[in-house]
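Enquirer: There's a structure below that I have some questions on.
The values are calculated or read from the model by the stated rules, or taken from the named source; none is laboratory data. Just so it is clear, the model here is predicted, and its values are computed rather than measured. Note that we place each Cβ from the backbone using ideal geometry, even for glycine, and neighbour counts take in every protein chain shown.
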Amino acid sequence: MAKVTPNSEHFQHFLAEMKETFWGDLYGQTKLAWQRFFELQSERQRDRFSGAERYERRQGRRRVYRNGYYERDFVTRLGTLRLRIARTREKSFLPQGLERFQRRAEEVSMLIREAFLRGISTRQVGRVVATLTGEVVSAQTVSQLTRDLDEAVRQFHQARLSDEYVYLFLDGVSLRVRRPGGRKRVQMLVAYGVRRDGTRHLLAFLRSQGESQADWEGLLQDLYRRGLEGKHLALIITDGCAGLAAAIPLVYPRARHQRCWVHKMRNILEKVRKRDYDEVKRGAQAIYLAAGRRQAEAAFRRFRARWRPDYGSMVRRRQRDLLELLSFFAFPRHLWRKLRTTNVIERCFVEVRRRTRPMVCFVNVESVDRIIYSIFQRFNLEWKTRTLSVFTQAA
């Protein structure tokens, strides 16, 4: 007789076959057990209602008569159960845990919503659920289930905010939406707050047609109305949007304003000739990498003297924005790297784009709110136990 070793192909095939047989039987038996459990519950409720057990004869005239069963499909994580629901001539008796018109278990509905919110398209969600449960879910059903998030979105927009945030990062992300007139882009304006102890929170988002002063003022007024009055707010970091820069003093006049150096470097270098690119880049970087504000101002003077003859308009714009580009120097040195850019909020946008890329285009603006809310809520839950350590050092 040939010796069978644990690593042999024959043994591995035998092991796989045994696992498939064992788990297949277990799965099938568990499914049957749940089906029988629900059906017995239904029958017992009917017996209690009628006052007599099955086949039991009662003295006198009966007022309640059994009326057989009707079949109803109920989708669970184990697949679709075809249940026999007991009934009388007056009413039917759903098992406990099932509601009228409910066709699937809550965990299956949660699976559908979560798959959609993870960036899987509505059609692909149907295929995923069919693989797990045997039920084919239409794109319309997926859309209907995700509408349950509307109340959660409303509560997010109305939640009270504490006035303990010291740093506020503001930026926007653009998404495509299908409108009657064709595909259009909507802007999602976002606020990200950090407390002195390093705890952080995505505070708000506002859907708008652009990034005008009125649009940003609407978001800032919403933060103020919900409780973020800015008594401890020390610095607001932005991408350099002119409308946002104009809105900040109207709502938070006491907070310093820092323009993002990543965005500023991009603006500088897109105007530069190829032969000057590396030298201009080193000169601009020397400003924000300086050992302090005085050294940064000296680096800018050198930059201005070198490049004003070739790029006069670009240098003048840098000089106009210089105060807001150097605001971060007023804070502890170990925070400079974090406070001179909007990178922390841009990382959140990377996840937004990753999740929404498979969708190509949103069907309506409400679906934009749902997906943004779900992504931000997941971040906020993860951050409850994780702080930004560099800010913790400053506490």
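Enquirer: Taking interchain pairs and intrachain pairs at least six residues apart, which have beta carbon atoms under 7 angstrom, with the first residue in segment 275-296 and in the same structural domain as Tyr311 (by TED's automatic domain parsing) and at negative phi and the second part of a loop (DSSP other than H, G, I, E, B) and of a type in the set (Gly, Ala, Ser)?
Expert: Close Cβ pairs satisfying both conditions: Ala296/Ala290.
Enquirer: If only one of Arg225, Arg207, Arg254 is surrounded by fewer than 18 Cβ atoms within 10 Å (Cβ to Cβ), in contact (Cβ under 8 Å) with a residue 24 or more places away in the chain, over 20 Å from Glu346 (Cβ atoms) and among the basic types (Lys, Arg), which one is it? So that I can check it myself, show each step before the final result.
Expert: Working: Arg225 fails: in contact (Cβ under 8 Å) with a residue 24 or more places away in the chain; Arg207 fails: over 20 Å from Glu346 (Cβ atoms).
Step by step, each of Arg225, Arg207, Arg254 is checked, and only Arg254 is surrounded by fewer than 18 Cβ atoms within 10 Å (Cβ to Cβ), in contact (Cβ under 8 Å) with a residue 24 or more places away in the chain, over 20 Å from Glu346 (Cβ atoms) and among the basic types (Lys, Arg).
The rows are residues; the columns are (1) surrounded by 20 or more Cβ atoms within 10 Å (Cβ to Cβ); (2) within 17 Å of Ile345 (Cβ to Cβ); (3) touching a helix residue (DSSP H, G or I) at 6+ places or on another chain (Cβ under 7 Å).
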| residue | (1), (2), (3) |
| --- | --- |
| Glu164 | no, no, no |
| Arg176 | no, no, no |
| Val190 | yes, yes, yes |
| Asp197 | no, no, yes |
| His201 | no, yes, yes |
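Enquirer: Moving to a separate point now. Given (1) buried (at least 17 other Cβ atoms within 10 Å of the Cβ); (2) more than 16 Å from Asp197 (Cα to Cα); (3) modelled with pLDDT of 80 or more, identify the lone condition not met by Leu339.
Expert: Here Leu339 clears every test but (2).
Residue by residue, here is whether (1) surrounded by fewer than 13 Cβ atoms within 10 Å (Cβ to Cβ); (2) in a helix (DSSP H, G or I); (3) modelled with pLDDT of 80 or more; (4) in contact with a Ser or Thr (Cβ under 7 Å, 6 or more places away or on another chain) holds:
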| position | (1), (2), (3), (4) |
| --- | --- |
| Leu161 | no, no, yes, no |
| Tyr167 | no, no, yes, no |
| Arg183 | yes, no, no, no |
| Gln187 | no, no, yes, yes |
| Gly218 | no, yes, yes, no |
| Glu229 | no, no, yes, no |
| His232 | no, no, yes, no |
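Enquirer: Now a separate question. May I ask you to verify whether Leu206 is in contact with a strand residue (DSSP E or B) (Cβ under 6 Å, 6 or more places away or on another chain), within 20 Å of Arg256 (Cα to Cα) and either assigned to a strand (DSSP E or B) or of a type in the set (D, E, K, R) (or both)?
Expert: Values: in contact with a strand residue (DSSP E or B) (Cβ under 6 Å, 6 or more places away or on another chain): yes; within 20 Å of Arg256 (Cα to Cα): no; either assigned to a strand (DSSP E or B) or of a type in the set (D, E, K, R) (or both): yes.
Answer is no for this residue.
Enquirer: Another question, then. Criterion first (more than 29 Å from the chain's Cα centre (by Cα) and assigned by TED's automatic domain parsing to the domain that holds Phe169) does Pro309 satisfy it?
Expert: Values: more than 29 Å from the chain's Cα centre (by Cα): yes; assigned by TED's automatic domain parsing to the domain that holds Phe169: no.
In short, no.
Enquirer: Considering only segment 120-138, I want to know if a residue exists there that is assigned to a helix (DSSP H, G or I), modelled with pLDDT of 85 or more, in contact with a helix residue (DSSP H, G or I) (Cβ under 6 Å, 6 or more places away or on another chain) and more than 17 Å from Val352 (Cα to Cα).
Expert: First, pick out the residues of segment 120-138 that are assigned to a helix (DSSP H, G or I): 122-133.
Remaining after also requiring modelled with pLDDT of 85 or more: none.
For segment 120-138, residues assigned to a helix (DSSP H, G or I), modelled with pLDDT of 85 or more, in contact with a helix residue (DSSP H, G or I) (Cβ under 6 Å, 6 or more places away or on another chain) and more than 17 Å from Val352 (Cα to Cα): absent.
Enquirer: Among the listed residues Asp310, Asp276, which satisfies the condition of being in contact with a Lys or Arg (Cβ under 9 Å, 6 or more places away or on another chain) and among the acidic types (Asp, Glu)? Please lay out each step first, then the result.
Expert: Values: Asp276 fails: in contact with a Lys or Arg (Cβ under 9 Å, 6 or more places away or on another chain).
Answer to the check: Asp310.
Enquirer: How about segment 297-316: which of its residues are within 25 Å of Ala255 (Cβ to Cβ) and either without any contact (Cβ under 8 Å) to a residue 24 or more places away in the chain or in contact with a Pro (Cβ under 6 Å, 6 or more places away or on another chain) (or both)? Break it down stepwise before answering.
Expert: Start the filter on segment 297-316 by keeping residues that are within 25 Å of Ala255 (Cβ to Cβ), which leaves 297, 300.
Once the filter is applied, which keeps residues that are within 25 Å of Ala255 (Cβ to Cβ) and either without any contact (Cβ under 8 Å) to a residue 24 or more places away in the chain or in contact with a Pro (Cβ under 6 Å, 6 or more places away or on another chain) (or both), segment 297-316 yields only Phe300.
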